[in-house]
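Report on one structure; see the data block that follows.
Derivation of every value follows stated rules applied to the coordinates shown; laboratory data play no part. The structure presented is a predicted model; accordingly, all values stated were derived computationally and were not measured. Glycine gets a Cβ as well: all are built from the backbone with ideal geometry, and neighbour counts include every protein chain shown.
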Amino acid sequence: MVKRPTRAAPPLPRTIVVIAVVSLLNDFASEMVVPLIPLLLATVLAAGPVALGLIEGAADAMSNLLKLWSGRRSDLTGGKRKTYVVSGYLLSNLVRPLIGFSGSWPTVLAIRVTDRVGKGVRTAPRDALIADTVPDGQAGQAFGFARALDHAGAVLGALAAAAIVYFGTERLDIVIALSAIPGIATVALIALGVKEPPRAAAPTNEPFQLASAVLSPTTRAYLLAVGLFTLGKIPETFVLLRGHELGASTVELLLLWAAMHAVKVTVSEQAGRHTDRVGRRPFIITGWMVYAVTLFALAFVDKPAMLWTWSLALGFYFGLTEGAERALVRDLAAPAERGTAFGWFHMVVGLAAIPAGLLLGGLWSVYGVTAAFLVSSALAVLGVLSFWRFVR
């Protein structure tokens, strides 16, 4: 049998490529800082897993609550999504380098939350801007490509931090301060390089409406499943905290962080392309199950080599699902309501972030790491079952 050649997908629009490069630069800056936070807490500020859980949970919750507001506002103001995106990147990259000068973990909490306010302002309008720009049939590819470059920035940031620590200085404050350099490039590129496509504002008689009634029943069922699954998700920085407990060096942990994101880069775009052809559901269910199994395995990790193996499995989960999850939001939302739909998606994740982080940190402190990861794995399985049952 002669195999018929497959038609190559057309190139993505320039705006999407520029947004993806912006994500790369921003994550370059961010990931010079984020993997050092658990080490800063454990070594300099004498704080443990409860403080880390509170910081990461509060930061993610603040970020995702604001995503609903900014997403809806960007729907109601035609042609203004870019304003929110630029403002969000600017705020994050102004405050993030200050973490290195913190004298206590509450100061880290305040700066980290402010950083994530910027993320909250920009993310839903940015995702909606991608959804507005991408042609039908390429949404999975577009979101997968954007996530791939985002994770590529994380690889570069972690490797840059590792190189500075290994060849230059072990002072974490200096490494964190240097993250301002790619941060400045991020803001300049998004401000000068992105042109927003024209569109009409969302039709509404209300000046501002956040009610979930604008979403379809399937979208609401999807958000419920996402919320349940997120209750079992762990802040990725807990993997680094576990590595620190197992005796891994700062350089090794930064290389582990880079390797995990390298797996995300490798998988994300190809997985996104495949979801355009076969659907989002199989990839989301498979990825969520990989996550639940990985958390179960992490409960019993007692050597750095085992931590490497299962951290790479976490990267595989992210690569499989991140593009599919966002593309499914686009599939389910009306064009004039995309900012709102993405805002609800991110807000639901945010509402689950604080209890998820505090639950993991509390169980870790009181009952140990094994109990913490086993409970998180069980909650992730509940999310898988709810998605399989209610989201068709």
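Identify, among Trp257, Thr286, Gly243, the residue whose Cα sits farthest towards the positive end of the charge dipole of the stretch 230-286, taking +1 on the Cβ of Lys and Arg and -1 on the Cβ of Asp and Glu, with the dipole about the Cα centre.
Positive-most Cα among the choices belongs to Thr286.
Please report the base-10 log of the normalised intensity I(q)/I(0) for the chain, using a Debye sum with one equal scatterer per alpha carbon and no solvent, at each q in 0.06, 0.07, 0.10, 0.14 (1/Å).
Evaluating at q = 0.06, 0.07, 0.10, 0.14 Å⁻¹ gives log10 I(q)/I(0) of -0.21, -0.29, -0.61, -1.25.
Choose one of Ala225, Ile37, Ala152: the residue whose Cα lies farthest towards the positive end of the charge dipole of the chain (beta-carbon charges +1 Lys, Arg; -1 Asp, Glu; about the Cα centre).
Ranked along the dipole, the leading option is Ala225.
Label Ile184 and Ala297 with points 7 Å out from Cα along Cα→Cβ: what is the distance between them in nm?
Spacing of the two 7 Å Cα→Cβ label points: 4.3 nm.
Provide the per-residue ³J(HN,Hα) series for the stretch 54-70, in order, calculated from phi with Karplus coefficients 6.51, -1.76, 1.60 and θ = phi - 60°, each as a whole number of Hz, with x at glycine and proline positions.
Taking θ as phi minus 60°, the curve returns 5, 4, 5, x, 5, 5, 5, 5, 4, 4, 6, 5, 5, 4, 5, 4, 5 Hz for the stretch 54-70.
Based on other C-beta atoms within 10 Å, arrange Glu252, Glu31 from fewest to most. If you can, show how the numbers build up before the last one.
Numbers: Glu252 16, Glu31 27.
With the fewest neighbours first, Glu252, Glu31 line up as Glu252, Glu31.
So how strong a dipole does the stretch 109-156 carry about its Cα centre when Lys and Arg Cβ are +1 and Asp and Glu Cβ are -1, to the nearest 20 debye?
Values: 6 positive and 5 negative charges, 58 e Å.
The calculated dipole for the stretch 109-156 is roughly 280 debye.
So if I place +1 on the C-beta of Lys and Arg and -1 on the C-beta of Asp and Glu, and nothing else carries charge, what would the dipole magnitude of the chain be about its Cα centre? I want it in debye, nearest 20.
On the way: 34 positive and 24 negative charges, 240 e Å.
For this selection, approximately 1160 debye.
Per-residue ellipticity at 222 nm for the chain, helices alone: DSSP H runs ≥ 4 residues times -39500 (n - 2.57), over residue total, nearest 500 deg cm²/dmol?
Values: 14 runs with 286 residues, N = 392.
Roughly -25000 deg cm²/dmol at 222 nm, from the helical runs in the chain.
Mind running the shape call on the stretch 72-155? Use the C-alpha gyration tensor, a ≥ b ≥ c as the square roots of the eigenvalues: rounded below 1.5 for a/c, prolate if a/b tops b/c, oblate otherwise.
Details: a/c = 3.42, a/b = 1.71, b/c = 2.00.
Here the stretch 72-155 falls in the oblate category.
Enumerate the calculated ³J(HN,Hα) couplings along the stretch 32-39 in order (Karplus 6.51 cos²θ - 1.76 cosθ + 1.60, θ = phi - 60°), each rounded to whole Hz, writing x wherever the residue is Gly or Pro.
Running phi through 6.51 cos²θ - 1.76 cosθ + 1.60 with θ = phi - 60° gives 6, 10, 4, x, 8, 4, x, 6 Hz.
Determine ³J(HN,Hα), in whole Hz, for all residues of the stretch 11-28 in sequence, where each value follows from phi through the Karplus function 6.51 cos²θ - 1.76 cosθ + 1.60 and θ = phi - 60°; x replaces Gly and Pro.
Computed from phi, the couplings for the stretch 11-28 are x, 6, x, 4, 4, 5, 5, 5, 4, 5, 5, 4, 4, 4, 5, 5, 6, 4 Hz.
Run through every distinct alpha carbon pair of the stretch 276-361 and return the Kirkwood hydrodynamic radius in angstroms, one decimal place. Please report the intermediate quantities before stating the final value.
Numbers: mean 1/r = 0.0676 Å⁻¹.
It works out to 14.8 Å.
So how far, in whole Å, is the C-alpha centre of the stretch 211-285 from the one of the stretch 313-343?
The two parts, judged by their Cα centres, are 11 Å apart.
Tell me, what is the percent relative contact order of the chain, built from C-alpha pairs under 8 Å that lie six or more residues apart? Write down the numbers at each step before the final one.
Working: 752 pairs, mean separation 119.9, N = 392.
After rounding, I find 31 percent.
Fewest Cβ neighbours within 10 Å first, please rank Glu269, Glu56 accordingly.
Numbers: Glu269 23, Glu56 28.
Exposure proxy ranking, most exposed first: Glu269, Glu56.
For the stretch 215-374, with only Lys/Arg (+1) and Asp/Glu (-1) charged at the beta-carbon, what is the dipole magnitude about the Cα centre, in debye rounded to 20? If you can, show how the numbers build up before the last one.
Details: 12 positive and 10 negative charges, 77 e Å.
Charge dipole, the stretch 215-374, about its Cα centre: 360 debye, nearest 20.
Considering only lysines 8 or more places apart in sequence, or on different chains, count the pairs in the chain whose C-alpha atoms sit under 24 Å apart.
For the chain, the number of qualifying lysine pairs is 16.
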